Amino acid sequence: MSANYKYELVGVLGFPVAENPTCVMQEAAFVALGLQWRYLTIEVKPESLPDAIRGVRALGMMGVNLTIPHKVAVLPLLDEISPDAAIIGAVNTVRRAGDKLIGENTDGKGFLRGVREEAGIDPVGKNILVLGAGGAARAITVELALAGAGRITVWNRSAERGEALCRDLKQRTSANAHFAPWRGTCPVGPDVDILVNATSIGLFPDTKAMPDVDFKGARRDLLVCDVVPNPPETRLIKTARARGFKTLTGLPMLVYQGAIGFEMWTGRKAPEHAMRAALEAAFAP
Ligand code: NDP
């Protein structure tokens, strides 16, 4: 048998990036399928991103993930941008197609899969209240709008960001989107089907924090979702569950967005159980 010492390379470019857990999940997937691939966690300063993308091309890397602060800055450096990533205005996954680098965004798609497959809810026609208007909120609301959500209300502290997101949703997806400035407590009314915390409130190490929401008027079959993946159960999720609501943590979104990226890169079905187990072990206290 002839030897093959060549590895296919993928990875994440970010700054800072050392604590990004994606390598744990992707490397577990390569091991599970016996693939000769490696996922590298690479620190790239903002001013070095153009050189880094030239490096991705020169090294023949099969793709990369982008994280803070590169998700928007990478757009002009790529050959094509997928239609949903263009509306979101950010790329979290780059895949190679021949000599071309294509920008994708898998965050919202990962979230949607969690809603459909783990919570068993179809977002078509649903009334959705989203807290936040940053990168995660943009990805989630664009995919929800494209999937046929009935109404999307965005609560955000910064009015400028929230209004810009709702304007993009209305103009570019024809969504029924509304902005509400976040002052004080956010009431969850009986007309809300799905509440999504897409802010970073509650993210490790600030695990005691929780978005200021009032569930008094909420319906009993409300679905409460949190995008924060670490800790795996945020205070919001624990509070919602204690009140009897259905919940969806940030872990499925993280696993599914990674699984979608894995499938784009390798063309193989992602071993999602192995990926999830690896992340759970990484996040264990
Ligand atoms: P951004 O910095 O782009 O956005 C942060 C958002 O949180 C903004 O809307 C910001 O409001 C809001 N926010 C932060 N702190 C507060 C506060 N104290 N009070 C009110 N609003 C606040 O971050 P991302 O969108 O990239 O990330 C948000 C979260 O999503 C993070 O926890 C991240 O870990 C998670 N995430 C999870 C993924 C997963 O797969 N599970 C994937 C991607 C992200 P304002 O605009 O007013 O500043």
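Of note:
- Principal-axis analysis of the Cα atoms of the chain puts helix 135-146 at an angle of about 80° to the longest axis.
- Based on Cα atoms of region 236-285, Rg over Rh with Rh as the Kirkwood radius reads 1.11.
- Region 1-55 pair-distance distribution - Cα-Cα, 10 Å bins, rounded %: 21, 42, 28, 8, 1
- Distance between modelled label sites at Glu233 and Ile68, nm, 7 Å Cα→Cβ extension: 2.6
- Of the residues Ser2, Ser48, the one with the fewest other Cβ atoms within 10 Å heads the list, and the complete ranking is Ser2, Ser48.
- Filter on Lys216/Lys246; Lys45/Lys208; Lys170/Lys216; Lys6/Lys100; Lys71/Lys109; Lys6/Lys269 - keep pairs with C-alpha separation over 24 Å: Lys45/Lys208; Lys170/Lys216
- Between helix 272-283 and the chain: long-axis angle, C-alpha atoms, 0 to 90°, nearest 10: 80
- Extension reserve of the Lys208-Ala277 stretch, reckoned as 0.36 nm per residue once the Cα distance is removed: 22.3 nm
- For Leu248, the residues whose amide H sits under 5 Å from its own are Val224, Cys225, Asp226, ignoring neighbours fewer than 5 places away on the same chain, with H placed 1.01 Å from N.
- Residues Thr141, Thr199 arranged by fewest to most Cβ contacts within 10 Å: Thr199, Thr141
- Against the chain, whose longest principal axis comes from its Cα atoms, helix 22-33 is set at around 60 degrees.
- Intensity falloff of region 108-249 expressed as log10 I(q)/I(0), Debye formula with alpha-carbon point scatterers, at q = 0.16, 0.19 Å⁻¹: -0.77, -1.12
- In order along region 86-100, the Karplus-derived 3J(HN,Hα) couplings, from 6.51 cos²θ - 1.76 cosθ + 1.60 at θ = phi - 60°, round to 5, 5, 4, x, 7, 10, 10, 9, 10, 10, 9, 10, x, 8, 8 Hz, and Gly and Pro are given as x.
- Listed from fewest to most Cβ neighbours within 10 Å, the set Thr67, Thr93 follows the order Thr67, Thr93.
- Projected onto their three principal axes, the Cα atoms of the chain cover extents of 67, 39, 32 Å, largest first.
- Positive-end residue of Leu78, Gly120, Tyr256, charge dipole of the chain with Cβ unit charges: Gly120
- Taking packing as the residue-averaged number of other Cβ atoms within 10 angstrom, the listed peptides 245-252, 129-136 run from highest to lowest as 129-136, 245-252.
Throughout, read-outs are computed from the coordinates displayed, never taken from laboratory work. Predicted model, so just to flag it, every value in this text is computed and none were measured. Please note: Cβ atoms are built from the backbone with ideal geometry, for glycine as well, and neighbour counts cover all protein chains shown.
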